[in-house]
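The values are calculated or read from the model by the stated rules, or taken from the named source; none is laboratory data. Small disclaimer: the values here were computed from a predicted structure and weren't measured. Here the Cβ positions follow ideal geometry from the backbone for every residue, glycine too, while neighbour counts run over all protein chains shown. Heavy atoms of the whole protein, side chains included, go into the accessibility calculation; ligands, DNA and RNA do not. Shrake-Rupley method; radii C 1.70, N 1.55, O 1.52, S 1.80 Å.
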Amino acid sequence: MVSPMSVPLTLLGLLEREPSHGYDLKRDYDSLFGRGKPLPYGQVYATLGRLARDGKVVAGEAEPGDGPERKRYVITEAGVTEFETWLKDPVAPEPNLQSVLFTKVVLALMLGRDAEEYLDTQRAAHLRRMRELTELRRTGALVDALLADHGLFHLDADLRWIDLTTARLDALAEAVRS
Amino acid sequence: MTAVIEARDVALAFGETPALRGANLSVEAGEVLAIMGPSGSGKSTLLHCLAGILVPDAGEVLFNGRRLDVMPEAQRSALRRDKFGFVFQFGQLVPELTAEENVALPLLLNGVRRAAALAEARPWFARLGLDGLEQRRSGELSGGQAQRVALARGLVARPQVLFADEPTGALDSLTGEQVMELMVDAAREQGTTVILVTHEPRVAAYADREAIVRDGQARALSTGAGSVAS
Ligand SMILES: Nc1ncnc2c1ncn2[C@@H]1O[C@H](COP(=O)(O)OP(=O)(O)OP(=O)(O)O)[C@@H](O)[C@H]1O
Ligand SMILES: [Mg+2]
C-alpha cells in the first residue's frame, strides 16, 4: 500500500507515537499499511539504520536477549520535524496516489493531529490541479483533452474519497486509536 | 479588488434548525466561485441569503457595499430582477411559455417590450447550441437543452451576479460539463460574477476558487500555487 518513498516516513510516524522495537514497528506497519504485503525485517532494520545515521532516530542500548532486534528506537527532534513536514505537505495531485493519502490520514488520526486541516489542504491541491486540467481540456488538442479527462476522472475519485473521509473523521479517529 | 457580494457572520435558523451559524464569504467582481460542502451543510441557504431571497437572523449581506439584509422587500426584489440571474438544479422553465419566451422572461419582467425582449433572447439559441428549439415548450426539451434555456434566461438581462444552485445536478456528466463550459464562457464574456453551488469536483473545477460550507460555516480554501510534494 505504502509507496517505497514513504516507508521511512511511515516508520518515523509510528515512532512519533512511542519508542518501539523493530518488531513492534513491523507488526504495526503490516497491520495498518501492509495490506497483504508485509515489510521484510531486513528492510525495517536497513531503514532504521539509515534513519539513525541521518540523526532522525537513535537506537537505545541492546537489551538482553538474542538478535539485533532487541533495541528500542526513539525519534529525535530532527525526525519529528521531518515527519511533520511530510505530513503537512499535500501529495502531488497525480492519479493513483491514494495509498499515500491513505497513509497520511491514518497516521494523522492515530497521532491526534488535525486530519481535517490536512484533508482540506489536499482538497485544495487536487482542485487546483483539476482547474489546470479543465483549462487544458477546454483549450488543448483532442489528445490533450483525452489525457486531461483521464486525469480529471482519477482526481475526481480521489476527491470523493477525501469528502467521504472528511465526513467520517470522528468515527475513523476512534477506530484508528482503539 | 472589490467585493460584489459579501456575507459577514450570517446566521439563519429554520425554527429549531440552525442552517447557518456565522458564515463569512466575499466574492470579487467577475469571479466564478464554487461553493461546496456536505449535504445539509447550508450551501443553498447561504446562496439564498447572498441573493436576498432569504433574510438572515443575524449578520450582514452586502451587495456592492450596500446592506441587502436591511432593505425593504420591494427594493430587494427589484434588485434581484435588475442585477441578479438565477439557475437552479431543475431549470424551472415556465411550461406554458415557449423556450424563446422563457429566455426573454427576465427582460419582460423588467418592462422591456415584447419584440425587443424576444430579439435579445434569440441570439442565445445559437450561442448555446439550441438552434431551432425556439418555439418548443419545456416538456419538449431534453434535460440538457432545458438547462441551457434556463442558463440563457439567467444571463439574458446581463446580471451582475449569476446564482446557480446545482445547475448540473440533474444532468449526466458530459452534458453537465457542456452547460458549465457555456456558463463560464458567457459569464466571463459579459463580466458576470458567478456563485455556483455544486457537490461535483469536476464542476467546481470550472470555477476560479472554491469555498467550503460545513455545519453552517463557510471557509475559503487556500488558492494560488502552493507547494506540492509527494
Ligand atoms: N425551508 C426549510 N425549512 C426547514 N429547514 C430547512 C429548510 N431549508 C433548509 N433547511 C435545513 O437547513 C439545513 C441546511 O439546508 P441547505 O438546504 O442549505 O443545505 P445544502 O447544503 O444546500 O444541502 P444539499 O447539498 O442537500 O442541497 C438543513 O439542516 C436543512 O434540513
Ligand atoms: Mg442545496
Inset, instruction - Inspect the stretch B:93-103 for any residue being within 13 Å of ligand 1 (Cβ to nearest atom), more than 14 Å from chain A (Cβ to nearest Cβ) and either crowded, with 20+ Cβ neighbours inside 10 Å or in contact (Cβ under 8 Å) with a residue 24 or more places away in the chain (or both) and give the result as yes or no. - result: no
Legend entry - Count of the stretch B:13-53 residues which are open to solvent by 50 Å² or more (accessible area, probe 1.4 Å), in contact with a strand residue (DSSP E or B) (Cβ under 9 Å, 6 or more places away or on another chain) and away from ligand 2 (no atom under 12 Å from the Cβ): 5
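Among the listed residues B:R202, B:R158, which satisfies the condition of being open to solvent by 40 Å² or more (accessible area, probe 1.4 Å) and more than 16 Å from ligand 1 (Cβ to nearest atom)?
Numbers: B:R202 fails: open to solvent by 40 Å² or more (accessible area, probe 1.4 Å).
Only one candidate qualifies: B:R158.
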Inset, instruction - Any residue in the stretch B:159-178 that's closer than 18 Å to A:T134 by Cβ: show its pairings with residues that are more than 16 Å from ligand 1 (Cβ to nearest atom) and part of a strand (DSSP E or B) at Cβ separation under 8 Å, as long as the two are six or more apart or on different chains. - result: B:A164/B:V194
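On the given criteria, is B:Q178 within 13 Å of the chain's Cα centre (by Cα) and open to solvent by 50 Å² or more (accessible area, probe 1.4 Å)? Please lay out each step first, then the result.
Values: within 13 Å of the chain's Cα centre (by Cα): no; open to solvent by 50 Å² or more (accessible area, probe 1.4 Å): yes.
It is false that B:Q178 is within 13 Å of the chain's Cα centre (by Cα) and open to solvent by 50 Å² or more (accessible area, probe 1.4 Å).
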Legend entry - Residue under evaluation B:E120, criteria (1) away from ligand 2 (no atom under 16 Å from the Cβ); (2) buried (at least 20 other Cβ atoms within 10 Å of the Cβ), criterion not met: (2)
Legend entry - Condition met for B:A170 (within 16 Å of ligand 2 (Cβ to nearest atom) and assigned to a strand (DSSP E or B)): no
Inset, instruction - Show the residue pairs that are 6+ apart or on different chains and have beta-carbon atoms under 8 Å apart, the first residue being within the stretch B:44-59 and over 15 Å from B:L162 (Cβ atoms) and more than 14 Å from every other protein chain (Cβ to nearest Cβ), the second being within 13 Å of ligand 1 (Cβ to nearest atom) and of a type in the set (D, E). - result: B:S44/B:D165
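Which of the residues belonging to the stretch A:66-94 are within 10 Å of the chain's Cα centre (by Cα) and at pLDDT below 90?
Filtering the stretch A:66-94 for residues within 10 Å of the chain's Cα centre (by Cα) gives A:83, A:86-87, A:91.
Correct list: A:L87, A:V91.
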Legend entry - Of all residues in the stretch B:181-199 being assigned to a loop (DSSP other than H, G, I, E, B) and polar (S, T, N, Q), the one that is surrounded by the fewest Cβ atoms within 10 Å (Cβ to Cβ): B:T192
Inset, instruction - Go through the stretch A:95-131 and give me each residue that's facing chain B (nearest Cβ under 8 Å) and at pLDDT below 85. - result: A:L97, A:V100
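Of the residues A:W86, A:W161, which single one is open to solvent by less than 40 Å² (accessible area, probe 1.4 Å) and not β-branched (V, I, T)? Reasoning before the result, please.
Working: A:W161 fails: open to solvent by less than 40 Å² (accessible area, probe 1.4 Å).
Matching residue, one of A:W86, A:W161: A:W86.
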Inset, instruction - Please state which one of A:L172, A:L133, A:L152, A:L142 is free of Cβ contacts under 8 Å to residues at least 24 places away in the same chain and open to solvent by 40 Å² or more (accessible area, probe 1.4 Å). - result: A:L142
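How many residues are over 21 Å from B:A164 (Cα atoms) and in contact with a helix residue (DSSP H, G or I) (Cβ under 9 Å, 6 or more places away or on another chain) when one looks only at the stretch B:67-95?
Residues flagged as over 21 Å from B:A164 (Cα atoms) and in contact with a helix residue (DSSP H, G or I) (Cβ under 9 Å, 6 or more places away or on another chain) within the stretch B:67-95 amount to 1.
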Legend entry - Scope the stretch B:57-70; condition open to solvent by 20 Å² or more (accessible area, probe 1.4 Å) and not small (G, A, S); matching residues: B:D57, B:E60, B:N64, B:R66, B:R67, B:D69, B:V70
Inset, instruction - List the number of the failed condition for B:F63; all other conditions in (1) within 13 Å of ligand 2 (Cβ to nearest atom); (2) in contact with a helix residue (DSSP H, G or I) (Cβ under 9 Å, 6 or more places away or on another chain) hold. - result: (1)
